[in-house]
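Undergrad: Here it is, the structure in full.
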Amino acid sequence: MNTLSPYTFVLFGATGDLSLRKVLPALFRAFCTGQLEAGAHTDTAGRILAVARTPMDAAGYHAWCEQHVRAHIKPDVWDEPTWKRFLATIDYMPLDLGREAEFRVLAERLAKRQGVRIFYLATGPSLFIPICEGLRSAGLNENSRIVLEKPLGNDLASSEGINDAVGAIFREDQIYRIDHYLGKEAVQNLLALRFGNAIFEPLWRRELIDSIQITIAEAIGVEGRGEFYEQTGALRDMVQNHLLQLLAIVAMEPPLSMNADAVRDEKLRVLRSLRQMDDESVAHNVVRGQYGGGAIDKSAVPAYVDEPGVPPDSQTETFVALKAEIDNWRWAGVPFYLRTGKRLGERVAEIVVNYRATPYPLLGEATAQPGANRLVIRLQPNESIRLYCLAKQPGEGMNLQTVHLDLAFDQFFKGHRMDAYERLLLDVINGRLALFVRRDEQEQAWRWVAPIQAYWARQAKGPKRYAAGTWGPPAASALLAQSGRCWVEEEN
Ligand code: BG6
């Protein structure tokens, strides 16, 4: 087991939704497998310091965790004695961000502890700057790392504002911008597939690839986050970050090394090569939708506008499908279709690489069918990588049928499986930046979505409706049909 250097993990926003759903359960999982152990000489009490506005003591916070966090820990990980030991590592401190003196109290508490200080900002972005300034006023910006959650701003200008302010206090190599999709096992495996094997490299280019589809579909709605989502929408919540990061990983050139900046340089080059849209291409290549009422798993679910916190005339999009093009030597002419939405037919996230048909149908029409040759990287559920190709059916004649070669990870690898947050939190503690988004990447992604935001802001007509439980508005199908293509689930 890797022994960590001493650290203190300070969790701002410790009573918020993100902390209880993601951060604390991930820390607990890492704790269960002994991955949070630091060098023997450090005490564990207070290794995690939870910070929020609510006045209470550590015992009160532990009771709060019992009530709110437990439910988010999977039964296969749950273990009562371990949970008690985990709680014993958590201390609590109430802090009013408006009072500089309280940051000095925080500094005094941290002064007693050895090692690096990690400040995890599980708060709304409007608090990033006040927290960073408070930390600086108490001299806490040295020997420390800061973790920022998305959304980082809501457009290019606001994100530059936050980055400037945070950047005046912390160096770029102290800043960890989380995009949890980069921590998913299948994304790591895509890198292993591409750069650990020579056989895929010649297949990874425009001469052989017809198109690429990247889908992050969710069956859930906004889950009580209506007020947050109203200010966000699918373009900011998913496209600007998760989908563009996946696209960058798929399309990047082999980096010079796996060093953080070498990897991020290559992702940035892809983002810079994305063809910038104008009004006409937004109108033609981007579809936005909003879910109406419908059924998921045969149960009725409400329309987005009937969710708590959402006004009845909301124009916020819960679905986006778009066609992106990369103007570089490797990808010119290959459409990348990206799509994401809430309340869709099922929960699935995958990258589908469609290969071109054979030059002519020597063995019949089956060779021209969509999906005859295809690589599917499934991120969730049941992560796997699957290569589809045609094979002859046994018996008389040359009848072809699709078969697949499977890399189903759970068959090959047994034992503990890390989730994305767990991996990323351990990376922060270990000082590994490769899976975090650098400022220039993040701003380039905002720059690319800006014409879409601007175009939508000028339209009187809002998103198109789609029934919950479907795959989005019909316009999303029409987007591919223009060029004779269709989404994977439409093939059968
Ligand atoms: C978050 C979004 O970043 O990702 C949520 O804010 C979304 O709206 C979530 O539900 C999806 O993540 P995952 O890992 O469940 O696919």
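Undergrad: How big is the shadow of the Cα convex hull of the range 284-405, averaged over all directions, in nm²?
TA: 12.0
Undergrad: Moving on. Treating cross-link reach as a plain straight distance, find the lysines whose alpha-carbon is under 21 Å from the alpha-carbon of residue 267, omitting any fewer than eight places away in the same chain.
TA: Those lysines meeting the cut-off are 150, 184, 323.
Undergrad: Based on the inverse mean of 1/r over its pairs of different Cα atoms, what is the Kirkwood hydrodynamic radius of the range 91-219, in Å?
TA: Mean inverse Cα-Cα distance, inverted, gives 17.9 Å.
Undergrad: What stretch of the chain, leaving out the sites themselves, is the longest with no chymotrypsin sites (Phe, Trp or Tyr not before Pro) in a DSSP loop having at most 11 other Cβ atoms within 10 Å?
TA: Longest gap between qualifying sites, sites excluded: 1-328.
Undergrad: Another question about this same structure. For the range 365-406, what mean projected area does the convex hull of the alpha carbons give, in nm²?
TA: Over every viewing direction, the Cα hull of the range 365-406 projects on average to 3.3 nm².
Undergrad: Give me the percent of Cα-Cα pairs in the range 167-243 that sit more than 14 Å apart, rounded to a whole number.
TA: Result for the distance tail: 78 percent.
Undergrad: Another question, if that's okay. I'd like the distance separating the alpha-carbon centroids of the range 136-203 and the range 271-311, in whole Å.
TA: Going from one Cα centre to the other spans 26 Å.
Undergrad: Binning every alpha carbon pair distance of the range 324-392 at 10 Å from zero, what are the percents per bin?
TA: All Cα pairs considered, the percentages come to 17, 36, 36, 11, 0.
Undergrad: Here is a follow-up. Which of the GluC sites (Glu not before Pro) across the range 345-398 are loop residues per DSSP, with 11 or fewer other Cβ within 10 Å?
TA: 396
Undergrad: Give me the one-decimal Kirkwood hydrodynamic radius in Å for the range 214-329, with the sum taken over alpha-carbon pairs.
TA: 16.4
Undergrad: With θ set to phi - 60°, apply the Karplus curve 6.51 cos²θ - 1.76 cosθ + 1.60 along the range 49-62 and write out the HN-Hα couplings as whole Hz, x wherever there is a Gly or Pro.
TA: Per residue, the Karplus-derived 3J(HN,Hα) values read 10, 7, 10, 7, 6, 4, x, 6, 9, 4, 4, x, 5, 4 Hz.
Undergrad: Moving to a separate point now. Rg/Rh for the chain: what does it come to with C-alpha atoms and Rh from Kirkwood?
TA: That ratio equals 0.98.
Undergrad: For the range 246-251, take each phi angle, set θ = phi - 60°, evaluate the Karplus expression 6.51 cos²θ - 1.76 cosθ + 1.60, and give the result in whole Hz per residue in order, putting x for glycine and proline.
TA: Once θ is set to phi - 60°, the couplings for the range 246-251 become 5, 4, 5, 5, 5, 9 Hz.
Undergrad: Let me ask something additional. Throw me the Rg/Rh for the range 106-171, computed over C-alpha atoms with Kirkwood Rh, two decimals.
TA: Result: Rg/Rh = 0.99.
Undergrad: Quick one: Kirkwood hydrodynamic radius for the range 346-484, alpha-carbon pairs, angstrom, one decimal?
TA: Final number for the Kirkwood radius of the range 346-484 is 20.1 Å.
Undergrad: Given H placed 1.01 Å from N in the peptide plane, which residues other than close sequence neighbours of residue 92 have an amide H under 5 Å from its amide H?
TA: 50, 58
Undergrad: Semi-axes of the equivalent ellipsoid for the range 1-121, please: Cα gyration tensor eigenvalues, times 5, square-rooted, ordered largest first, whole Å.
TA: Largest first, the range 1-121 gives 22, 19, 11 Å.
Undergrad: Under 16 Å between alpha carbons, and skipping anything fewer than 8 positions from residue 464 in its own chain: which lysines qualify?
TA: Straight-distance partners of residue 464: 342.
Undergrad: First obtain the Kirkwood hydrodynamic radius of the range 176-221 from its Cα pairs, then insert it into the Stokes-Einstein equation at 25 °C and 0.890 mPa s, and state the resulting D in µm² per second as a whole number.
TA: Estimated via Stokes-Einstein, D reaches 185 µm²/s.
Undergrad: Counting C-alpha atoms alone, how compact is the range 415-492: give Rg to one decimal and Dmax as a whole number, in angstrom.
TA: So, for the range 415-492, Rg and Dmax equal 19.5, 53 Å respectively.
Undergrad: So, one more: log10 I(q)/I(0), Debye, Cα-only the range 390-451, no solvent, q = 0.13, 0.15, 0.21 Å⁻¹?
TA: Results for the range 390-451 at q = 0.13, 0.15, 0.21 Å⁻¹ read -0.72, -0.77, -0.94.
Bear in mind these aren't lab numbers, they're just calculated from the coordinates by the rules spelled out. All of these numbers come straight from a predicted model, not from anything done at the bench. Neighbour counts are summed over all protein chains in view; Cβ atoms, including those assigned to glycine, are modelled from backbone coordinates with ideal geometry.
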